[in-house]
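Structure, as structure tokens:
The values are calculated or read from the model by the stated rules, or taken from the named source; none is laboratory data. Keep in mind that what you see is a predicted model, and the values were worked out from it rather than measured. All Cβ positions, glycine included, derive from the backbone under ideal geometry; neighbour counts span all protein chains shown.
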Amino acid sequence: MIPKHFAEYLATSIVIVLAPGPSVLFIIARAVSWGRVTALYTVLGNAIGSFLLSALIAVGLGPILQRSDLAYAAVQWGGGAYLVYLGIDAIRHRHAHAADMTQKNSDAPGAFISMKNGFWVAVLNPKTLVFYAAVLPQFIDRDGSNVTTQLLFLGGVFALMCLFSDGTWGFLAGTAREWLANDAKRLVTLRAIGGSVMVILGALVVIAALRHAIG
């Protein structure tokens, strides 16, 4: 169940999890608006949605990737290109995203609403979708144990990492909410960093696909 390249997978996952993507920025926005408790409920819903997405992709993609070299190559090329696109889009719109995040609201939502919102942000998060569908399959053993089982395991690991990392973001942002909300430049910087990381990772995925095709 544990692929041979699990260590490399962990290293890649850490980079992606720590990069401020849509989910992280949404959680920070909740923390700035309503504090740590709301942010942490959002994180929990986000982690549940993330794992559900990984399970759906594992069940759907696993058998296809194990049998088809063409499908595997298409996932690599398409996923890498889309990661680059997401990164460029994040950099281009970083000022608008920061402005949205600094808007404060008076009435905090309840636990269920916060979890529900976090759940849907995870399920509809392009970065998470691309990671599960394009980046994650590169670390499986196609000639080893069941590919679907490997994808489920790696997806579960990633969801747990997101739970702890995003929880930390939410806690820190809730603690420093005034410091973040009073200077949008800090949020612009976070968005730019996240976008740059996605561009780099996308380029690495494309390079790996190119090497695989040449080899």
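Please enumerate the residues belonging to region 9-35 that are on the phi < 0 side of the Ramachandran plot and assigned to a loop (DSSP other than H, G, I, E, B).
Residues satisfying the conditions are A19, P20, G21.
Quick grid of which residues meet (1) touching a Cys at 6+ places or on another chain (Cβ under 9 Å); (2) free of Cβ contacts under 8 Å to residues at least 40 places away in the same chain; (3) within 23 Å of T189 (Cα to Cα):
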position: H5; (1), (2), (3): no, no, no
position: Y9; (1), (2), (3): no, no, no
position: V32; (1), (2), (3): no, no, yes
position: G35; (1), (2), (3): no, no, yes
position: T38; (1), (2), (3): no, no, no
position: V43; (1), (2), (3): yes, no, yes
position: A47; (1), (2), (3): yes, no, no
position: S50; (1), (2), (3): yes, no, no
position: L53; (1), (2), (3): no, no, no
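Considering only region 46-66, how many residues are among the small types (G, A, S) and crowded, with 23+ Cβ neighbours inside 10 Å?
5
Evaluate region 196-203: report whether one residue or more is modelled with pLDDT under 80, in contact with a Lys or Arg (Cβ under 7 Å, 6 or more places away or on another chain) and within 29 Å of P3 (Cβ to Cβ).
Checking region 196-203: at least one residue is modelled with pLDDT under 80, in contact with a Lys or Arg (Cβ under 7 Å, 6 or more places away or on another chain) and within 29 Å of P3 (Cβ to Cβ).
For region 162-174, how many residues meet the condition of being at pLDDT 80 or above, over 25 Å from I91 (Cβ atoms) and surrounded by 13 or more Cβ atoms within 10 Å (Cβ to Cβ)?
3
Which of the residues spanning region 145-158 are small (G, A, S) and within 17 Å of E8 (Cα to Cα)?
Once the filter is applied, which keeps residues that are small (G, A, S) and within 17 Å of E8 (Cα to Cα), region 145-158 yields G155, G156.
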